[in-house]
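A short write-up of the structure that comes next.
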Amino acid sequence: MVRPINRPSDMNLVTMFERFGDEDRCRIYLEKLRWPVGVTCIRCQSPKISRIKKRKQFHCDACQYQFSVKSGTIFHDSHLPLMKWFAAIFLLSESKKGMSALQLKRTLKMAYKTAWFLCHRVREAVKDADHADLLCGIVECDESYIGGKGRNMHANKKAKIQGGPTVGKAMVIGAIERRGSVRLKVGMKPSKEELHAFIRAKIADETVSIMTDQNPSYKGIADHNTRHETVDHFKKEYVRGDVHTNSIENVWSLFKRSVIGSYHQVSVKHLDRYLDEFEFRFNNRENSFLFRDTLLKLLASTNLEYKNLIANDEEAA
């Protein structure tokens, strides 16, 4: 697996505004990212292009199609200036614990609905649906539960809660390669079938070790070339030689601090998108070109329509 180069970034909020402080400079930068070897028609791929300077568009001399650098991208139907898009992307990608839509609204002086929609579009764009790079080496696996505490719920919601302490919470399954990438997913229940299916989908066959806690659902995950080691947290055992789940526990700690400190609450419906954003930022924690790579993700992504985002939505996250 190719790791990002561990090199300090020369980008900060001040240099970002110095480089991309107006619409034209933002547009030129997007053009270089989208067409590094020259503009081609987004319909017929012809390189025979004329520039319509007054309209900030291109004209294809082959098929007569007119388009701009924003056509067919996440920026296409947005009335928000590119400079604000760039600032929002920088803040979202560089904030270790994320940034809420309300904070983005206050910082960039935009409507809350605009900020909330922008955040979810970025989260949708940066997700890695395929996860082509499988985890290998020593991999730690665990599950965690996201949600509020019963004592903070309204009486009508408390009346519906029956069972153990995880009822009413959303389960999240995670796997992390030691000193490497993390994979996260919203789960339904901590069953053997679901946990084993997640692990087999995210780790390579040549993985050396799988580290978990004593949850019996993980039993049987080892094979002829992968050993399974556990730590018993109920007996206050957290480290035994190289056997521990501290890396994935650190991931849960950081994500929960993001929820408590930045977002305050997330809905189950949108939890997968918050995980996608967190996973992308965590896996690029040493990437000095994170701002550029986030823009590349947005240019290559399909647009998330607002009506699809709020479909059957009971509460905004």
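What do you get for the angle between helix 192-202 and the principal long axis of the chain? Use alpha-carbon atoms, 0 to 90 degrees, nearest ten.
40 degrees
Which FRET efficiency value, to the nearest 0.05, is calculated for Q45 and M188 with the Förster distance at 45 angstrom and r the Cβ-Cβ distance?
Working from the Cβ atoms, E equals 0.55.
Please report the relative contact order for the range 50-151, taking Cα pairs under 8 Å with a sequence separation of at least 6, and give it as a percent rounded to a whole number.
12 percent
Return the FRET efficiency for the residue pair D133, R27: r is the Cβ-Cβ distance, R0 is 25 Å, and the value is rounded to the nearest 0.05.
So, using R0 = 25 Å, E works out to roughly 0.15.
What full-extension length gain, to one decimal in nm, is calculated for K53 and D223 as 0.36 nm per residue of separation minus the Cα-Cα distance?
Residue separation times 0.36 nm, minus the Cα-Cα distance, leaves 55.0 nm.
Looking at the range 231-294, which GluC sites (Glu not before Pro) are in a loop (DSSP not H, G, I, E or B) and have at most 13 other Cβ atoms within 10 Å?
Answer in residue order: E286.
Could you tell me the distance between the Cα centroids of the range 172-232 and the range 25-63, to the nearest Å?
46 Å
Taking a ≥ b ≥ c as the square roots of the Cα gyration tensor eigenvalues, with a/c under 1.5 meaning rounded and otherwise prolate when a/b beats b/c, else oblate, which class fits the range 23-67?
oblate
Assuming R0 = 25 Å, what is the FRET efficiency of Q265 and Q103, from their Cβ-Cβ distance, to the nearest 0.05?
0.95
With every protein chain left in place, what is the accessible area of L271 in Å² (1.4 Å probe, nearest 10)?
For L271, solvent-accessible area is about 0 Å².
Using a 1.4 Å probe, what is the accessible area per residue for the chain, in Å²?
Per residue, the chain has an accessible area of 55 Å².
Give me the percent of the accessible area of the chain that comes from carbon and sulfur atoms, probe 1.4 Å, all protein chains in place.
Solvent-exposed carbon and sulfur of the chain make up 52 percent of the total.
Please list the non-local residues whose amide H lies under 5 Å from the amide H of I49, H modeled 1.01 Å from N, same-chain partners needing a gap of 5 or more.
The answer is D61.
Pull up all non-local amide H partners of G187: gap of 5 or more, or a different chain, and H-to-H distance under 5 Å with H placed in the peptide plane.
Distant-sequence amide H within range of G187: M171, V172, I173.
What do you reckon, how do R43, R34 stack up by accessible area (1.4 Å probe), largest on top?
In descending accessible area the options line up as R43, R34.
Among K53, K185, K109, determine the one that fluctuates most according to a GNM of the chain built with springs between C-alpha atoms less than 10 Å apart.
K53
Write out the GluC sites (Glu not before Pro) in the range 165-217 meeting two conditions: DSSP loop, and at most 15 other Cβ atoms within 10 Å of their Cβ.
E206
For K54, K219, K70, what's the largest-to-smallest order of accessible area, 1.4 Å probe?
Solvent-accessible surface, decreasing: K54, K219, K70.
Considering only DSSP beta bridges where both residues belong to the chain, give the percentage that are antiparallel (nearest 5).
Percentage antiparallel, nearest 5: 75.
The values are calculated or read from the model by the stated rules, or taken from the named source; none is laboratory data. Keep in mind it's a predicted model, so treat the numbers as computed, not measured. Glycine also receives a Cβ, built like all others from the backbone with ideal geometry; neighbour counts cover every protein chain displayed. These area figures cover heavy atoms from the full protein model, side chains too; ligands, DNA and RNA do not enter into them. Shrake-Rupley method; radii C 1.70, N 1.55, O 1.52, S 1.80 Å.
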